[in-house]
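The values are calculated or read from the model by the stated rules, or taken from the named source; none is laboratory data. Because the structure is a prediction, the values reported are computed rather than measured. When we count neighbours, we look across all protein chains shown, and the Cβ atoms used for this are built from the backbone with ideal geometry, even at glycine.
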Amino acid sequence: MRIGVSGLVTDSNLRALYAVIRRANSAVPGIDLILDLTAALIEPAAMEKLRRCEVTRSLPTEVDPARQDMRLTVLPESGPGTVLELAA
């Protein structure tokens with residue numbers, strides 16, 4: 001199942017994306033989830049958290065206390081999708 005993301009992904013709105021991922025994973029347990037960020041702008045902290053979910057195969061405990069196993073692939077930020085570089 002592909003989850004396409006567009007717009008700005010920030011640390012503040014990441015919980016909404018977690019909810020979509022959790023719902024998709026619960027609807028069809030064991031399905032391959034592809035999080036397509038190629039049309040999004042992503043803050044570095046948000047990208048790091050999404051990559052952590054990909055590696056650990058689970059969402060953060062505060063989002064999914066059961067830590068349900070998931071098969072998540074985060075498509076790299078390429079083309080129009082890019083990790084924002086924030087100037088100091």
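Checking each residue in the range 7-25 for being farther than 16 Å from residue 69 by Cβ, among the hydrophobic types (A, V, I, L, M, F, W, C) and out of contact with any Lys or Arg (no Cβ under 8 Å at 6 or more places or on another chain) picks out 8, 9, 16, 17, 19, 20. Scanning the range 1-52 for residues being over 15 Å from residue 76 (Cβ atoms) and in contact with a Ser or Thr (Cβ under 6 Å, 6 or more places away or on another chain) gives a total of 1. Being crowded, with 18+ Cβ neighbours inside 10 Å, modelled with pLDDT under 95 and small (Gly, Ala, Ser), is that true of even one residue in the range 63-71? No, the range 63-71 contains no residue that is crowded, with 18+ Cβ neighbours inside 10 Å, modelled with pLDDT under 95 and small (Gly, Ala, Ser).
Yes or no, residue by residue, for (1) assigned to a strand (DSSP E or B); (2) among the small types (Gly, Ala, Ser):
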position: 15; (1), (2): no, no
position: 33; (1), (2): yes, no
position: 36; (1), (2): yes, no
position: 39; (1), (2): yes, yes
position: 55; (1), (2): no, no
position: 59; (1), (2): no, no
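For the range 26-53, a residue qualifies if it is under 22 Å from residue 66 (Cβ atoms) and more than 12 Å from the chain's Cα centre (by Cα), and the qualifying residues are 26, 27, 28, 29, 30, 31, 32. Does the range 2-12 hold any residues that are surrounded by fewer than 13 Cβ atoms within 10 Å (Cβ to Cβ) and either in contact with a Leu (Cβ under 7 Å, 6 or more places away or on another chain) or in contact (Cβ under 8 Å) with a residue 12 or more places away in the chain (or both), and which are they? Within the range 2-12, 2, 4, 7 meet the criteria.
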